Amino acid sequence: MTRPRIHVTRRLPEAVEARLAERFEVALNPGDTPPTRAGLEAAMRTADGLLPCVADRIDADLLALPDRRVRIVANFGVGVNNIDLAAAEAAGVVVTNTPDVLTDATADLAMALILAATRRMSETEAALRRGDWRGFAPTGWLGMGLQGKTLGILGMGRIGQATARRAALGFGMRIAYFNRSATGPFDFPAEPCDSIEALLAAADVVSLHLPGGGPRPLTAERIAGMKRGAYLVNTARGDVVDEAALAEALASGRLAGAGLDVFAEEPKVPPALLALPNVTLLPHIGSATLETRTAMGMLAVDNLVAHFDGAPLPSRVGR
Ligand code: 8YV
């Protein structure tokens with residue numbers, strides 16, 4: 001029996017590639033070069049399944065190719081804003097993602113960014129490396145303590161809850177949150193807010209945990225409504241924030257600092273943000289531990305195996 005052919009757009013952890021090769025005829029990318037548009041088109045025409053990641057745009061034109069062979073897109077990632085879901089549905093292409101397995105790693109990084117921003121880690125490390133540290137000073141480089149401060153969680157899904165739990169139980173923060181639909185109860189104290197505006201006005205630190213690809217929740221007006229001296233952390237998607245307005249608020253000192261792991265046009269980072277000392281900038285590493293990236297890959301493979309076996313899919317999107 002011929003084995004289904006899977007096209008994998010990027011290099012994956014060794015154990016995942018080995019499992020794929022055991023079960024499928026597999027086109028891997030050992031050089032890890034990002035695929036070109038022509039490469040993605042060829043993959044859609046020659047493979048039965050595609051395993052892409054967040055950087056690969058699977059748009060309506062690709063999904064509507066008349067001689068497309070791909071029947072399943074098993075995304076490596078929980079966010080699926082890189083895929084045109086309506087076009088996939090119309091074309092009868094199944095889409096799966098990798099929820100749950102990256103929740104802890106991403107919440108850990110959100111917490112790291114909360115600490116980095118409020119304790120001025122990037123700014124102070126840069127000063128030290130430049131040779132600008134003149135020795136201990138009792139009033140030097142003071143940040144903000146977290147205990148008793150309010151963390152505003154925008155998007156109380158799996159990762160929002162995991163971040164809130166760490167902040168509440170581990171760091172003594174109060175939790176306020178806004179979620180589009182009713183959610184809870186939780187195993188930590190948390191107060192719902194009636195509107196995004198109310199949350200932003202109340203929070204000393206705001207952490208974003210919303211999907212991208214929709215209308216932007218953090219507009220310039222809403223950034224202007226954040227508490228003076230607050231901090232913003234984003235481990236979700238860059239397009240949920242007006243980056244220019246954020247850079248202005250940070251430059252003027254209205255916001256004290258930020259920690260950003262995601263950007264609207266990755267890998268481009270707005271020069272206005274690069275120029276600011278009071279922001280920690282990371283290259284989308286929320287889920288980047290070997291354990292988590294392996295688990296994500298294994299879940300994508302589980303979805304492919306189930307699909308080609310005609311079994312129920314562990315994590316289908318949109319059903
Ligand atoms: C992934 C992410 O590493 O899963 C997501 O939605 O943002 C990341 O943590 C990335 O999507 C890889 O494709």
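The values are calculated or read from the model by the stated rules, or taken from the named source; none is laboratory data. Everything numeric in this text was worked out from a predicted model, so none of it was measured. For neighbour counting, all protein chains shown are included, and Cβ atoms are generated from backbone atoms with ideal geometry for every residue, glycine included. These accessible areas exclude ligands, DNA and RNA; they are computed on the full protein's heavy atoms, side chains included. Shrake-Rupley method; radii C 1.70, N 1.55, O 1.52, S 1.80 Å.
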Spin-label model distance (nm) - F188 vs Q147, 7 Å beyond Cα toward Cβ: 1.7
Long-range HN-HN contacts of I58 with modeled amide H, under 5 Å: I83, D84
By average C-beta atoms within 10 angstrom, highest first, the peptides 12-21, 249-258, 75-84: 75-84, 249-258, 12-21
C-alpha long axis of helix 14-23 to longest principal axis of the chain, angle in °: 20
Most mobile listed residue (A116, A182, A164) in the chain, GNM with C-alpha springs under 10 Å: A182
Global form of the chain, assessed from the alpha-carbon gyration tensor, a/c cut-off 1.5: prolate
Accessible surface of the stretch 1-53, 1.4 Å probe, proportion on carbon and sulfur as whole %: 53
Gaussian network model of the chain, Cα within-10 Å springs - most flexible of R174, R134, R166: R134
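Only Cα pairs under 8 Å and at least 6 apart count here; give the relative contact order of the chain as a rounded whole percent. Intermediate results must be reported in sequence, preceding the final value.
On the way: 610 pairs, mean separation 57.0, N = 319.
Answer for the chain is 18 percent.
E265 to R216: extension gain in nm, 0.36 nm per residue of separation minus the Cα-Cα distance? Let's see the in-between values first.
Numbers: separation 49, 0.36 × 49 = 17.64 nm, distance 1.42 nm.
Separation in residues times 0.36 nm, less the Cα-Cα distance, equals 16.2 nm.
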Integer Hz, Karplus 6.51/-1.76/1.60 couplings in order for the stretch 112-119, x for Gly and Pro: 4, 6, 4, 5, 4, 5, 6, 9
Protein accessible area in the stretch 166-319, 1.4 Å probe - carbon and sulfur %: 56
Among L154, L276, L304: highest mean-square fluctuation, GNM of the chain, C-alpha pairs under 10 Å: L276
